[in-house]
Amino acid sequence: MSGPTSDLHAEIRDWMHAEAELLDDGFERKWLETMVSKDIVYQVPLRQTVERARGAGWVDGTYHLDERYGSLETRVARNETQYAWAEDPPSRIRHFVTNLRVREDADGLVRARTNLLVYRTRQDGVVPQMLSGERWDTLRREDGVLRLLERRVLLDLTAIGTHNLSIFF
């Protein structure tokens, strides 16, 4: 992998900000259709607390979410119906995406690592839910447009104390 040019870094930063804006504003369909590859692999692996000698604590092959385009599309479609009870009224969500690190592979794939904080409030609750972690993204150009090909969200939590996981990271 080579280091990014300042132009590439700026392009990926702007892409990340545009993505966060779409998700925060509830434009899930537009996010899916304009920013996500049909070949997407979207995963949130399960984390456990282990001693350093046993590794980072990720459970191989076990996920909170393990999705492809079809399942993401089904989630988006469900949220567009009157039957999305877990998110009706919808949560208020804010994505804070920081510490962007970008690398471009020889084959043109762009690897981006970011820190993420998702701040969420539901109903009239006074206690917000916060999910923090790191995103490992792979983007590729499809017909000249950057699209999300892979997303691996490494949450800092071992137990997720949120109402549901119907949000997008």
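The values are calculated or read from the model by the stated rules, or taken from the named source; none is laboratory data. If you're wondering where the values come from, they're calculated on a predicted model, not measured in any experiment. Every residue, glycine among them, receives a Cβ derived from its backbone with ideal geometry; neighbour counts consider all protein chains shown. Quick note on the areas: whole protein, heavy atoms, side chains included, nothing else; ligands and nucleic acids left out. Shrake-Rupley method; radii C 1.70, N 1.55, O 1.52, S 1.80 Å.
Explain nothing, just the number: relative contact order of the chain, from Cα pairs under 8 Å at least 6 residues apart, as a whole percent. Provide the component values of the computation, followed by the final result.
On the way: 289 pairs, mean separation 41.1, N = 169.
Across the chain, relative contact order equals 24 percent.
Whole number in Å², please: accessible area per residue of the stretch 1-158, 1.4 Å probe, ligands, DNA and RNA not counted. Don't jump to the answer; show the numbers that get you there.
On the way: 9070 Å² over 158 residues.
So the stretch 1-158 comes to 57 Å² accessible per residue, rounded to a whole number.
For a quick check of your reading of the filter: which GluC sites (Glu not before Pro) in the stretch 75-153 sit in a DSSP loop and have no more than 14 other Cβ atoms within 10 Å?
Values: sites: GLU80, GLU87, GLU104, GLU134, GLU142, GLU150; in loops: GLU80.
For GluC sites (Glu not before Pro) across the stretch 75-153 that sit outside H, G, I, E and B with at most 14 neighbouring Cβ atoms in 10 Å, the list reads GLU80.
Report the relative contact order of the stretch 91-168, percent, no decimals, based on alpha-carbon pairs under 8 angstrom and at least 6 residues apart. Please list the in-between numbers first.
Working: 145 pairs, mean separation 18.1, N = 78.
The value is 23 percent.
To the nearest 20 debye, what charge dipole does the stretch 112-166 have about its Cα centre, counting +1 at the Cβ of each Lys and Arg and -1 at the Cβ of each Asp and Glu?
On the way: 9 positive and 7 negative charges, 19 e Å.
With Lys and Arg at +1 and Asp and Glu at -1, about 100 debye.
In the stretch 1-112, if the dipole is taken from +1 on Lys/Arg beta carbons and -1 on Asp/Glu beta carbons about the Cα centre, which of TYR83, TRP15, GLY57 is farthest to the positive end?
GLY57
Show me the trypsin sites (Lys or Arg not before Pro) within the stretch 1-101 that DSSP assigns to loop and that have at most 13 other Cβ atoms within 10 Å of their Cβ. Show your work: numbers first, answer last.
Values: sites: ARG13, ARG29, LYS30, LYS38, ARG47, ARG52, ARG54, ARG68, ARG75, ARG78, ARG92, ARG94, ARG101; in loops: ARG68.
Hits after loop and neighbour filter: ARG68.
If you filter the stretch 5-103 for chymotrypsin sites (Phe, Trp or Tyr not before Pro), then keep DSSP loop positions with at most 16 other Cβ within 10 Å, what is left?
Sparse-neighbourhood loop chymotrypsin sites (Phe, Trp or Tyr not before Pro): PHE27, TYR83.
Once you order the gyration tensor axes a ≥ b ≥ c over the Cα atoms, which shape class does the stretch 33-90 get: rounded for a/c under 1.5, otherwise prolate or oblate by comparing a/b with b/c?
Working: a/c = 3.86, a/b = 1.90, b/c = 2.03.
It comes out oblate by the Cα gyration axes.
What number comes out for the charge environment of ASN115, summing +1 per Lys or Arg and -1 per Asp or Glu over other residues with Cβ under 11 Å away? It would help to have the intermediate numbers written out before the result.
On the way: positive: ARG101, ARG113, ARG135; negative: GLU134, ASP156.
Here the count lands on +1.
Roughly to the nearest percent, how much of the accessible area of the chain is carbon and sulfur, given a 1.4 Å probe? Spell out each step's value before the answer.
Working: 4830 of 9510 Å².
Taking all protein chains in place, the chain shows 51 percent carbon and sulfur surface.
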